[in-house]
Amino acid sequence: MPLTSAERPADRRTPAPRPRPSSEAGERARNPPGNQRDAFFDNAKYLAIVLVAMGHAWEPLYSGSRTVAALYITAYAFHMPAFIVISGHFSRNFDIRKDRLQRLITGVLVPYLLFQTAYALFKRWAGNDPTFPINLLDPWFLTWFLAALFIWRLTAPLWRIVRWPVPLALAIAAFASASPTIGNTLNLQRVLQFLPFFVVGMCLKREHFSRVRRWPVRIAALPVSVAALAFAYWAVPRMNDAWFYHTDSAQTLGVPWWVGVMMQLAMFGVSLVLTACFLSWVPGRRMWCTVLGAGTLYGYLLHGFLAKGSRFGNWYDAGWVHTPWGAIAVTVIATVVVTLLCTPPVQRAFRFAMEPKMNWAFRKDSAQRSAACEPAPGRVPRPSRRTRATRSDRPGRAADSTS
């Protein structure tokens, strides 16, 4: 009987030397496929959320330092686009299956409702604005991203069936930038203008991210980043920074509609290039910050209370904050705070608001109900009393059955 490959004796010949694994193969070995999270994306999300916190910390220093303003503009040109591209990449398989819709509700919609309410109450209390409304259709501060992500994911099946998804999304964004009548409901202006980055993320495959991280791209990213920072320094007194927020139409910013269309296309190209430069230098191996990538939504939403609290409490009124060393200190503090807010203890403490299970709120389908009624594996079901009483092998019943 022939032996299987697992049963054959080992070859006694000297094995041939194995080829040296490439960097991509080495990363696959360090990050095996399966349920394990990808270290590259977790590292990228952590670094992107740090840049978001830095940007909020630099905002009060914008008018007093041209250098800080240049850093602020450069960060705002790509940190949210990078975060949205990654979100789109992880939404590329989203459909209207029950379990995915349930996760969309518990992981996006419910946190939006909770934090929209919490931010409004915080502004009433800390901001000394008792009349500030709790409006669930008008996202305030950071909650716009949750509203946008909810809308984007619901449209994900559409982008998988159209022939030219990115040009179509870009056309929608350009149309939005020239439409002042869209209004503020669910911050739809920003949702539509950032839409192309989400669609780009859906269209990207894992190998595309690997290509961006090749050494020629990494080397080219350095002069491109320096040039972007130099251009931002030049543009600070000459350009309206509202273009980077994607919250207003061209007419609202005081320019003709066609300028909005051109700026939308230009900003998309610049943001995409800087996002590629950023991703090219994101480490692909597991590091101390990799575990924090799973908690970036926690850091994103929770640091907003400190960011707004620093304004409400006039923390930036101190003179030392507006010195170069003060700007460095503010940057370090923002980095440390958002890092701590992404840690596993904070995730466990606030999981009830960020990732509630809410099994009580959803119906069980027929398969789940039947599975709940089935006995545990290896356990023989106990017959009911009525079944036991009617068995033919009971004493007295056998004689009756053969008569």
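Loop only per DSSP, at most 12 neighbouring Cβ atoms within 10 Å: give me the trypsin sites (Lys or Arg not before Pro) in the stretch 123-168, ordered by residue number. List each step's numbers first, then the result.
Values: sites: K123, R124, R153, R160, R163; in loops: R163.
Here the trypsin sites (Lys or Arg not before Pro) that fit, given the DSSP loop and packing criteria, are R163.
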* Calculated from backbone phi, Karplus (6.51, -1.76, 1.60) coupling profile of the stretch 159-172 in Hz, x at Gly/Pro -> 6, 7, 10, 7, 6, 10, x, 5, x, 5, 5, 5, 5, 5
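Within 10 Å, count the other beta carbons around each residue, average over each peptide in 333-339, 76-82, 206-212, and list them highest first.
76-82, 333-339, 206-212
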* Asked: By average Cβ neighbour count within 10 Å, what is the ranking of 270-279, 248-257, 217-226 from highest down?
  -> 270-279, 248-257, 217-226
* To do: DSSP loop (so not H, G, I, E, B), at most 11 other Cβ within 10 Å: list which trypsin sites (Lys or Arg not before Pro) in the stretch 251-346 pass both filters.
  => none
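Each reported figure results from applying straightforward, stated rules to the coordinates on display, with no laboratory input. This one's a predicted model, so the numbers in the text were calculated from it and none came from an experiment. Backbone-built Cβ (ideal geometry, glycine too); neighbour counts: all protein chains shown.
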